[in-house]
Amino acid sequence: MSQRNIAIAIVAIVLVGIIFLGVAGARREAQPQTPELSGINSADAGNTQLVSAGREVYSTYCQACHGVAFQGNANIPALGGSSSTPTRSDAELFAIVQNGQGNMPAFGNSLSDTSIWASLAYIKSAWPVDIQQAQEALNE
Ligand code: HEC
């Protein structure tokens, strides 16, 4: 190899390296920046970090169907405090979101368990406290 070719090869390797690091960095940023939430296994509406992560999940994945105020529509159930949702335990709600049900799509492949718990914590945080407490009793 001539010196010129060696120089070109080095420049090419450096450029590929820079592109690779850029892509890897962008991928890292796409992950949720909430390591504190790893290991979450309940829809704790009192966990403000979980609720705020859930707000993001809900607005991206759920709101188009269930509505900004959890009101649903003619074909889609409401998820608010006066709906049937608080009559179900956390485990039942988790299973519905993970596996889908009827015309509700399954999210087990597109959302992490933590993101599913977070979306449920956000939904529950909008319920009146007495409804939250009654639903909490179903989890015991
Ligand atoms: C394509 C529209 C659609 C999307 C998107 C959607 N849902 Fe649903 N969801 C439904 C339908 C329809 C049902 C009723 C399913 C049935 O027939 O039992 C339902 C039911 C539910 C229920 C059970 C309510 C109850 O009281 O029985 C929960 C909880 C729920 N969805 C949460 C979510 C969450 C959380 C997301 C986002 C991660 C989401 N849904 C995204 C359409 C949707």
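Just so you know, all these numbers are worked out from the coordinates, no wet-lab data involved. None of these values were measured; they are calculated from a predicted model. Because the Cβ atoms are built from the backbone with ideal geometry, glycine has one as well, and the counts that use them run over all protein chains shown.
Overview of results
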| item | result |
| --- | --- |
| Shape call, the range 46-86: gyration tensor on alpha carbons, a/c limit 1.5 | oblate |
| Length-normalised contact order for the range 37-137 - Cα pairs under 8 Å, 6+ apart - percent | 39 percent |
| Paramagnetic reach from Ser42 (point 7 Å along Cα→Cβ, amide N under 12 Å) across the range 65-103 | 90-91 |
| Cα gyration tensor category, rounded, prolate or oblate, for the range 51-140 with a/c compared to 1.5 | rounded |
| Proxy reagent accessibility, fewest Cβ within 10 Å first, across Arg88, Arg55 | Arg88, Arg55 |
